[in-house]
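Let me begin by presenting the structure, written as structure tokens, before commenting on it.
The values are calculated or read from the model by the stated rules, or taken from the named source; none is laboratory data. These numbers were taken from a predicted model, which means no experiment stands behind them. Quick reminder, even Gly has a Cβ in these numbers, built from the backbone with ideal geometry, and neighbours come from all protein chains shown. Ligands, DNA and RNA are excluded from the accessible area calculation, which covers all protein heavy atoms including side chains. Shrake-Rupley method; radii C 1.70, N 1.55, O 1.52, S 1.80 Å.
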Amino acid sequence: MEAAIEISGLSKVYASGHKALDGIDLEIRRGEIFALLGPNGAGKTTLIGIVCGLIRKSAGTVKVFGHDNVTSALQARKLVGLVPQELATDAFETVFDTVSFSRGLFGKPPAPAFVEKVLSDLSLADKRKSKIMTLSGGMKRRVMIAKALSHEPTVLFLDEPTAGVDVELRRDMWNVVRRLKAEGVTIILTTHYIDEAEEMADRVGIIDKGKLVLVEEKRDLMQKLGKKRLTLELAAPLAALPDELARFDLQLSADGSELVYSYDTRGERTGITALLSSLAAAGVRFRDLRTAESSLEEIFVSLTGRQQ
Amino acid sequence: MNTHAIRAIYAFEMARTRRTLLQSVVSPVLATSLYFVVFGAAIGSRIAEIDGVSYGAFIVPGLVMLTLLTQSVQNASFGIYFPRFIGTIYELLSAPVTATEIVIGYVGAAATKSVVLALLIMVTAAFFVPLQIAHPFAMLGFLVLTAITFSLLGFVIGVWADNFEKLQLVPLLVITPLTFLGGTFYSIDVLPPVWRAISLANPVVYLVNGFRWSFYGKADVSVWLCLAITFGFMLACLAVIWWIFRTGYRLKS
Ligand SMILES: Nc1ncnc2c1ncn2[C@@H]1O[C@H](COP(=O)(O)OP(=O)(O)O)[C@@H](O)[C@H]1O
Ligand SMILES: [Mg+2]
């Protein structure tokens with residue numbers, strides 16, 4: 001099946017001479033949620049800007065459902081909705097008017113009932129007649145999302161949609177995103193909340209210094225690169241790690257009540273059996289145990305070599 | 001043609017006008033009418049007729065032109081500058097609209113507004129001075145053509161300006177002086193030959209004279225030349241706008 005978005009050899013050099021994107025190749029599948037992760041300045045907003053027609057590319061091609069976004073710009077743009085990173089709204093218009101304006105701009109006939117539904121999905125129904133300038137920042141962001149949804153896009157870009165927003169909006173937004181996905185909308189989001197990508201995305205791309213470092217199914221990624229942690233709750237606290245256990249990658253919690261063992265799921269053996277028998281031999285007993293997969297965050301740090 | 005988009009932009013711009021009725025309609029009509037009160041009713045009778053037209057009536061076309069030019073430029077430039085300034089331009093740039101559709105929406109709204117203003121001013125003028133319109137269709141034609149041309153110019157200025165000061169620069173420093181020196185208050189035939197020749201380099205002379213001809217059937221220069229110059233200026237503005245959208249000048253990085 002044809003990709004929703006097909007990016008090849010995409011580069012961007014800004015007038016300042018800064019190379020923001022360097023030979024990006026990326027295919028976004030139809031109907032998936034794709035999370036683009038990367039530190040500040042990695043080029044995420046630039047990439048989105050080029051696909052949506054806000055920024056001129058220096059090299060490469062972008063196709064949206066097969067339509068080149070420059071030579072068939074109108075066909076491509078009809079399909080794409082954008083919620084930019086920066087808050088930018090009108091001031092004097094009402095919420096309803098500004099959302100209806102967006103729908104018209106994208107060539108759709110007026111549909112007051114549909115606009116009302118979009119507004120109520122974003123908890124904006126009671127603000128429909130309010131002037132935008134009277135709204136809080138979080139409400140304005142909801143308005144921007146409503147504007148992007150007003151024209152029923154097939155592909156939706158959300159650039160750092162939850163950066164600095166309240167918990168409620170985050171929750172509403174993910175509900176909307178889940179429903180859009182169920183309706184078949186392709187969603188590309190950038191975020192620096194790695195747990196969000198972990199929770200929402202089907203696939204994850206990591207971009208750093210204008211280059212795509214990695215694109216993976218989220219599940220594969222976490223299994224392939226993930227380390228697991230085994231946490232043992234000890235029956236009695238330990239003052240120090242017994243010498244017999246020194247050969248294992250173990251960490252004792254500050255209060256001595258828990259032992260954490262890190263192991264690589266990719267390894268031939270995990271060393272768990274050996275650990276458990278050594279524990280028994282050393283007379284360390286535990287009450288309970290749990291395992292956890294390492295988060296995307298750790299994967300991210302190990303790939304880009306820095307903290308977000 | 002994305003007519004829904006054109007309609008959306010046009011309605012958005014007209015709503016802006018309605019919201020600021022006092023400032024955008026009442027105030028220019030009032031300001032211009034003061035001229036008719038002063039020159040028409042008060043001191044006009046002491047100034048000799050020009051080409052058989054009373055002085056108060058003589059200045060009406062020029063003053064209407066003055067408002068038409070400044071309002072067209074201001075409206076259209078603000079209309080496109082403001083979204084750039086507050087960042088909402090992203091939506092216009094990402095929408096499936098062509099340059100033509102964007103220009104029809106913004107320039108159409110700006111021109112509509114200044115034509116309405118001009119008509120209001122003419123109606124007001126009729127209360128104070130003996131106004132006649134010899135060629136009403138030609139008059140409307142000049143009105144609409146000039147409104148569109150200067151709204152196009154305003155659009156260019158709105159894309160070019162990167163602060164509010166530059167936005168005001170052209171109307172204040174170029175259009176108003178050129179209009180005052182362009183035969184609004186006098187026939188350029190009364191000027192010494194050197195100044196008359198210099199005046200002929202002022203494009204507003206042709207706009208004012210073409211327009212005045214449609215009222216009183218007389219002009220200092222050929223009406224066809226007036227028409228040709230207005231068209232020429234419009235084509236120049238269109239060419240600049242075409243270039244802006246082709247290169248993304250000041251719209252896309
Ligand atoms: N208009 C611009 N002119 C010059 N450099 C820019 C411009 N916009 C962004 N950049 C630079 O390009 C790089 C990528 O920026 P951006 O795409 O916004 O990154 P991200 O969204 O991943 O934080 C940054 O180094 C940024 O400073
Ligand atoms: Mg960004």
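What to note about this one:
- Filter pass, residue B:83 being within 14 Å of chain A (Cβ to nearest Cβ), open to solvent by less than 10 Å² (accessible area, probe 1.4 Å) and closer than 22 Å to residue A:48 by Cβ: no
- Scanning region B:41-86 for residues being in contact with a Pro (Cβ under 9 Å, 6 or more places away or on another chain) and under 13 Å from residue B:131 (Cα atoms) gives a total of 4.
Residues are listed down the side, and each one gets a yes or a no for (1) open to solvent by 70 Å² or more (accessible area, probe 1.4 Å); (2) over 25 Å from residue A:64 (Cα atoms):
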{"site": "A:167", "(1), (2)": "yes, yes"}
{"site": "A:170", "(1), (2)": "no, yes"}
{"site": "A:179", "(1), (2)": "yes, no"}
{"site": "A:184", "(1), (2)": "no, no"}
{"site": "A:190", "(1), (2)": "no, no"}
{"site": "A:195", "(1), (2)": "yes, yes"}
{"site": "A:200", "(1), (2)": "no, no"}
{"site": "A:204", "(1), (2)": "no, no"}
{"site": "A:209", "(1), (2)": "yes, no"}
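- Close contacts from region B:31-43, counting a first residue that is surrounded by 15 or more Cβ atoms within 10 Å (Cβ to Cβ) and a second that is not in a helix (DSSP H, G or I), with Cβ to Cβ under 6 Å and a gap of 6+ residues or different chains, come to B:36/B:129; B:40/B:129.
- Among (1) within 14 Å of another protein chain (Cβ to nearest Cβ); (2) open to solvent by less than 20 Å² (accessible area, probe 1.4 Å); (3) within 13 Å of ligand 2 (Cβ to nearest atom) - the single one residue A:64 does not satisfy: (3)
- Screening residue A:82 on (1) more than 9 Å from chain B (Cβ to nearest Cβ); (2) within 26 Å of residue A:195 (Cβ to Cβ); (3) open to solvent by 10 Å² or more (accessible area, probe 1.4 Å) shows it passes everything except condition (1).
- Checking A:156, A:189, A:180 one by one, the residue that is more than 14 Å from chain B (Cβ to nearest Cβ), among the hydrophobic types (A, V, I, L, M, F, W, C), in contact (Cβ under 8 Å) with a residue 24 or more places away in the chain and more than 16 Å from ligand 2 (Cβ to nearest atom) is A:180 and no other.
For (1) away from ligand 1 (no atom under 16 Å from the Cβ); (2) out of contact with any Ser or Thr (no Cβ under 7 Å at 6 or more places or on another chain); (3) touching a residue at least 40 places away in the same chain (Cβ under 8 Å), each residue gets a yes or a no:
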| site | (1), (2), (3) |
| --- | --- |
| A:30 | yes, no, yes |
| A:38 | no, yes, yes |
| A:73 | yes, yes, no |
| A:87 | no, yes, yes |
| A:99 | yes, no, yes |
| A:103 | yes, no, yes |
| A:109 | yes, yes, no |
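- Residue within region A:103-116 that is more than 9 Å from chain B (Cβ to nearest Cβ), open to solvent by 50 Å² or more (accessible area, probe 1.4 Å) and closer than 30 Å to residue A:22 by Cβ present: no
- Scope region B:220-253; condition away from chain A (no Cβ under 14 Å) and open to solvent by less than 40 Å² (accessible area, probe 1.4 Å); matching residues: B:220, B:221, B:223, B:226, B:230, B:232, B:234, B:237, B:241
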